[in-house]
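Encoded as structure tokens, the structure appears first; notes follow it.
The values are calculated or read from the model by the stated rules, or taken from the named source; none is laboratory data. Every value quoted in this text rests on a predicted model; they were computed, and no experiment measured them. No Cβ is skipped: glycine too gets one built from the backbone with ideal geometry, and neighbour counts run over all protein chains shown.
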Amino acid sequence: MAGVGKLLKQAQKMQRKMEQVQEELAQKEIDVSCGGGAVNIKVNGQGEFLSISIDPEFLKEDVDMVEETLLEAVKDAAGQAKQVSDDAMQAVQAGMSIPGLM
């Protein structure tokens, strides 16, 4: 049963590392700019939106263009946050090999 104890220790180590990575992701800020800087979004590594700013001059543009630009910025920010999170989690999992769990 020594193998089970070793697996348990590996799983606990992986859990601690994942918790640490989650904390780091919460602190990581990703800045996304769209429309030539007309829309700026800040999101953390966990995908939580922290702020959105829109140039007041941009709001004078065509409504459809403003909406499309804002939507594109939101999609870009969400995609970048997901990629950062996925990369961080893959790095954690790559360091551990627990048979049957991956």
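Odds and ends about this structure:
- Filter result for S85 (within 16 Å of the chain's Cα centre (by Cα) and loosely packed, with under 14 Cβ neighbours inside 10 Å): no
- Condition broken by V63, with the remaining ones in (1) modelled with pLDDT of 95 or more; (2) exposed (fewer than 12 other Cβ atoms within 10 Å of the Cβ); (3) closer than 19 Å to V21 by Cα satisfied: (3)
- Any hit, the stretch 9-29, residues being of a type outside the set (S, T, Y), touching an Asp or Glu at 6+ places or on another chain (Cβ under 6 Å) and at pLDDT 95 or above: no
- Contacts under 6 angstrom Cβ, first residue in the stretch 12-35 being polar (S, T, N, Q), partner modelled with pLDDT of 95 or more, 6 or more apart: S33/N40
- The number of residues in the stretch 51-80 that are in contact with a Gly (Cβ under 8 Å, 6 or more places away or on another chain) and among the polar types (S, T, N, Q) comes to 1.
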